[in-house]
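Let me begin by handing over the structure; questions about it come next.
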There are 2 protein chains.
Amino acid sequence: MSAKSDFETLDFTKMAGLVPAVIQDPENGEVLMVGFMTQDALEITLRRGYVTFYSRTRDELWTKGETSGNRLRVISVLTDCDHDTLLFRVQVEGQGVVCHRGTRSCFTENVPLKNEDPAVLCAEESR
Amino acid sequence: MSAKSDFETLDFTKMAGLVPAVIQDPENGEVLMVGFMTQDALEITLRRGYVTFYSRTRDELWTKGETSGNRLRVISVLTDCDHDTLLFRVQVEGQGVVCHRGTRSCFTENVPLKNEDPAVLCAEESR
């Protein structure tokens, strides 16, 4: 669990220069949001200690909370076995709100499972 | 927190047919891995109740744990405010191991912050 990965070793090639960045509250494990980073965004984030994303829709870097004050102060950063995803543990500054809709987390909408007839699944799996 | 989002409303356009899928242990909040789903992968996941990803490197659907037995049984699914990311709470079956390297989580490598001189940051921010 203690291996270190320098940011230069991260793999930005799989998604045309981007990697997903999962933002988590280290106190309770809550996943607050997912954004994307370019290598520049990651370098700025690691240097400043505050999360800076790349906006796919606006095609620009943006420091989360720059205007609202709800900045994401980085506590720690992990990458995964493929070096193509980042996990940030952060402290949310300001009002502690991450989502633009006013909730702590952006993940608020339930996607229901489709309760398929188990017999259909068994038939499919035995094919 | 109780809004429902049908899977047909998810936005697969931002990443050429894919959305990131964050896999989390609901017991302790641990983020276990991040994969990607096409609409087909999501539909199969919701129907069967086990996580099926789309592999970007192999260009095919794959049900996590199909050979190892460490399948990811879906407890609940959330999407975010933009409907372009999924968060799965799962129970890891089999040996409870998610990473092919034998660890519970794929996120095991620390990416160190770069302790930049605060004076430099202040100068940058005041520009």
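Laboratory data are not the source of any read-out in this text; all were calculated from the coordinates shown. Computed from a prediction, not measured in an experiment: that's the story for all the values here. Here Cβ is always computed from backbone atoms with ideal geometry, including for glycine, and neighbour counts include all displayed protein chains.
What stretch of chain A, leaving out the sites themselves, is the longest with no GluC sites (Glu not before Pro) in a DSSP loop having at most 12 other Cβ atoms within 10 Å?
Numbers: sites that count: A:Glu27, A:Glu66.
Value returned for the longest uninterrupted segment is A:67-127.
Taking each label point as 7 Å beyond Cα in the direction of the beta carbon, state the distances from A:Asp82 to the same residue in the other copies, shortest first, in nm.
Counterpart label points of A:Asp82 in the remaining copies fall at 1.9 nm.
Further question: Arranged by the count of other C-beta atoms within 10 angstrom, fewest first, what order do B:His100, A:His83 take?
Result, fewest neighbours first: B:His100, A:His83.
Same structure, new question: Rounded to the nearest 0.05, what FRET efficiency is calculated for B:Thr103 and A:Arg73 with R0 set to 30 Å and r the Cβ-Cβ distance?
0.65
Now for a different question. Quick one: helix B:39-48 against the long Cα principal axis of chain B, what's the angle to the nearest 10°, folded into 0 to 90?
So the helix axis and the longest Cα principal axis differ by about 60 degrees.
Quick one: label points 7 angstrom along Cα→Cβ at B:Gly96, distances to the other copies in nm, smallest first?
3.1
Let me check against my output: what whole-number percent is the relative contact order of chain A, with C-alpha pairs under 8 Å and at least 6 apart?
22 percent
Let me ask something else about it. Can you find, among A:Gln24, A:Val74, A:Leu10, the residue farthest towards the positive end of the dipole of chain A? Put +1 on the C-beta of Lys and Arg, -1 on that of Asp and Glu.
A:Val74
Mind giving me the FRET efficiency for B:Thr9 and B:Asn115? R0 is 30 Å, r the Cβ-Cβ distance, nearest 0.05 is fine.
0.10
Another question, then. Give the average, rounded to an integer, of partner chain Cβ atoms located within 10 angstrom of each Cβ in A:85-97.
Rounded to a whole number, the mean comes out at 2.
With viscosity set to 1.002 mPa s at 20 °C, what whole-number translational diffusion coefficient in µm²/s follows for the protein assembly as shown from Stokes-Einstein and a Kirkwood radius over Cα pairs?
Stokes-Einstein gives a translational diffusion coefficient of 113 µm²/s.
Here's something else I'd like to know. From the alpha carbon gyration tensor of chain B, can you work out the equivalent ellipsoid semi-axes (sqrt of 5 times each eigenvalue) and give them in Å, largest to smallest? Provide the component values of the computation, followed by the final result.
On the way: eigenvalues 187, 86, 44 Å².
Semi-axes from the Cα gyration tensor: 31, 21, 15 Å.
When chain A is modelled as a GNM with alpha-carbon springs shorter than 10 Å, which of A:Arg101, A:Arg48, A:Arg89 fluctuates the most?
A:Arg101
Given A:Lys64/A:Lys114; A:Lys14/A:Lys114; A:Lys14/A:Lys64; A:Lys114/B:Lys14, which pairs have Cα atoms separated by over 27 Å?
Values: A:Lys64/A:Lys114 35 Å; A:Lys14/A:Lys114 31 Å; A:Lys14/A:Lys64 24 Å; A:Lys114/B:Lys14 25 Å.
Where the Cα-Cα span goes over 27 Å, the pairs concerned are A:Lys64/A:Lys114; A:Lys14/A:Lys114.
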